[in-house]
Amino acid sequence: MALLSIDIGGTKIRAGLVEGDQVQETVTFPTEAHKGAQHVLSVVVRASEVLSGYDGIGVACAGVVSEGKVISATSLLPGWAGTDVAGALREASGVKVTVLGDVHAHGMGEALCGAGRGYSSCLTVAVGTGIGGAFIDNGCIQRGAHALAGHIGHISTSYAEGLECSCGRSGHVEPLASGSGVMDRYEALTGERCDGREIDRRAQAGEQNAVDVLYGSARGLGEVLGSVANVMDPAVFVLSGSMTRSGKGWWDSLAQGYASSAMNLVRETPIVLGTLGDDAPLIGAAMQWRKEWQ
Ligand SMILES: [Zn+2]
């Protein structure tokens, strides 16, 4: 049985047919978020019409999602909050629709079909432009009472003291350890704007500012993961996103930060790299559809 999965992001909308745990044919459209939520929704519906031969639709959607509707979204998608994604797709296609937040869908994909496969529980962490996370226990995504569960980027750490966060608070790990956070802090220190790869290269070459910014960010993130392990005790952490392509120094610093805060029983919890890349949310949205409708 084939399902259609649609990943709605701030810059692109990617749809693909999923059979089993394999993504087959895909199409991609620009989101054009500046044209407003109704336009974005019309692109999503068009994606569902371009592909055919599916029996249901799973959606991985930017923002916080509850019962098929977006209940909160960042400024990347203006007017997106309040959008009834499930309703629009149901009406257009006539099939059953499931909608998850994109970070939750990504987590479901990695937990069930990627690096977390075979573990009883899995905490996925995406460290890219921002930082997001998801906890999957026994194959089920944990959404929390307000669909907000998993927002690991918004945990406080002493390393991030005084840093302003995208959520409007300060001291959260996201502005410290996300890709944009690392670039901002390196620029503030040196006056030079470099991408994460260049800062990593400079840190590996021993440039002190790059070492301080990049490895300090990884230690702070590691400390946060250790604290999360103390509360949730996942069987494995699965990391993905651009920052995880940093070199050994980043990973060693992450491990040091983790060791500094994780309690003894969770000290050896594996921290591994995700394996599904961009397909993770498509596969995860399809897995969630099967959970709800099969
Ligand atoms: Zn925050």
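Counting neighbouring Cβ atoms within 10 Å and putting the fewest first, the residues 141, 131 line up as 141, 131.
Gain in length, residue 137 to residue 230, computed as 0.36 nm per residue apart minus the alpha-carbon separation, to one decimal in nm? Mind showing how you got there, number by number?
Working: separation 93, 0.36 × 93 = 33.48 nm, distance 1.55 nm.
Going from the current span to full extension adds 31.9 nm.
A straight chain from residue 1 to residue 158 at 0.36 nm per residue would run longer than the Cα-Cα distance by 51.6 nm.
Here the label points at residue 190 and residue 207, each 7 Å from Cα along the C-beta direction, are separated by 0.2 nm in the simple model. Of the GluC sites (Glu not before Pro) found in region 108-208, those that fall in a DSSP loop while having at most 14 other beta-carbon atoms within 10 Å are 161, 192.
Trypsin sites (Lys or Arg not before Pro), restricted to region 209-294: which are DSSP loop and have at most 16 other Cβ atoms within 10 Å?
On the way: sites: 219, 245, 248, 267, 290, 291; in loops: 267.
Sparse-neighbourhood loop trypsin sites (Lys or Arg not before Pro): 267.
Loop-located GluC sites (Glu not before Pro) in region 10-109 (DSSP state not H, G, I, E or B) with no more than 14 neighbouring Cβ atoms inside 10 Å: 32, 67.
When +1 charges are put on Lys and Arg Cβ atoms and -1 charges on Asp and Glu Cβ atoms, the dipole computed for region 2-101 relative to its Cα centre reaches about 280 debye.
Which value at 222 nm does the chain reach when only helices count, each DSSP H run of 4 or more adding -39,500 (n - 2.57), with the total divided by all residues and rounded to the nearest 500 deg cm²/dmol?
On the way: 9 runs with 105 residues, N = 294.
So the calculated ellipticity at 222 nm is -11000 deg cm²/dmol.
At a 10 Å Cβ-Cβ cut-off, how would you order 146, 151, 104, 172, fewest neighbours first?
Working: 146 10, 151 19, 104 30, 172 26.
Going from sparsest to densest Cβ surroundings: 146, 151, 172, 104.
For the chain, averaging the sequence separation of C-alpha pairs within contact (under 8 Å, six or more residues apart) and dividing by the residue count gives a relative contact order of 20 percent. Charge dipole of region 122-227 (Cα centre as origin; +1 on each Lys and Arg Cβ, -1 on each Asp and Glu Cβ, all else neutral): 240 debye, rounded to the nearest 20. Size descriptors for region 115-275, from the alpha-carbon set: Rg then Dmax equal 15.2, 47 Å.
Pairwise Cα distances in region 90-162 exceed 17 Å for 51 percent of all pairs. Building the convex hull from the alpha-carbon atoms of region 236-275 and averaging its projection over directions returns 2.9 nm².
Here's the picture: charge each Lys and Arg Cβ at +1 and each Asp and Glu Cβ at -1 in the chain, and of 163, 216, 120 the one pushed furthest to the positive end of that dipole is 120.
When the chain is treated as a Gaussian network with alpha carbon springs shorter than 10 Å, the biggest mean-square fluctuation among 109, 277, 133 belongs to 277.
The count of lysine pairs in the chain with alpha-carbon distances below 25 Å, taking only pairs 8 or more places apart or on different chains, stands at 7. Once both axes come from the Cα atoms, what is the angle between helix 248-261 and the longest principal axis of the chain, in degrees from 0 to 90, rounded to 10? Around 90 degrees separate the two axes.
Please check which bits of region 83-120 a label hung off residue 290 would reach, taking the label as a point 7 Å along Cα-to-C-beta and the cut-off as backbone N under 18 Å. Residues passing the 18 Å test: 96-100, 105-120. Debye-formula intensities of the chain, expressed as log10 I(q)/I(0) at q = 0.10 Å⁻¹, are -0.53 (one equal scatterer per alpha-carbon, no solvent). If you plug the beta carbon distance of residue 55 and residue 260 into 1/(1 + (r/R0)^6) with R0 = 41 Å, you get a FRET efficiency near 0.25. Hey, how many Å between the Cα centroid of region 1-67 and the Cα centroid of region 143-218? For region 1-67 versus region 143-218, the Cα centre distance is 30 Å. In a fully extended conformation the segment linking residue 81 and residue 252 would gain 57.7 nm over its present Cα-Cα distance, using 0.36 nm per residue. Overall, the chain carries a charge dipole of about 160 debye about its Cα centre when +1 sits on the Cβ of Lys and Arg and -1 on the Cβ of Asp and Glu, all other atoms neutral.
Find the all-direction average of the projected area of the Cα convex hull for region 185-294, expressing the result in square nanometres with one decimal place.
Working: hull surface 34.6 nm².
Taking a quarter of the hull surface, the average projection is 8.7 nm².
Each value in this text was obtained by applying a stated rule to the coordinates, not by laboratory testing. Everything numeric in this text was worked out from a predicted model, so none of it was measured. Neighbour counts run over all protein chains shown; Cβ positions are idealised from the backbone, glycine included.
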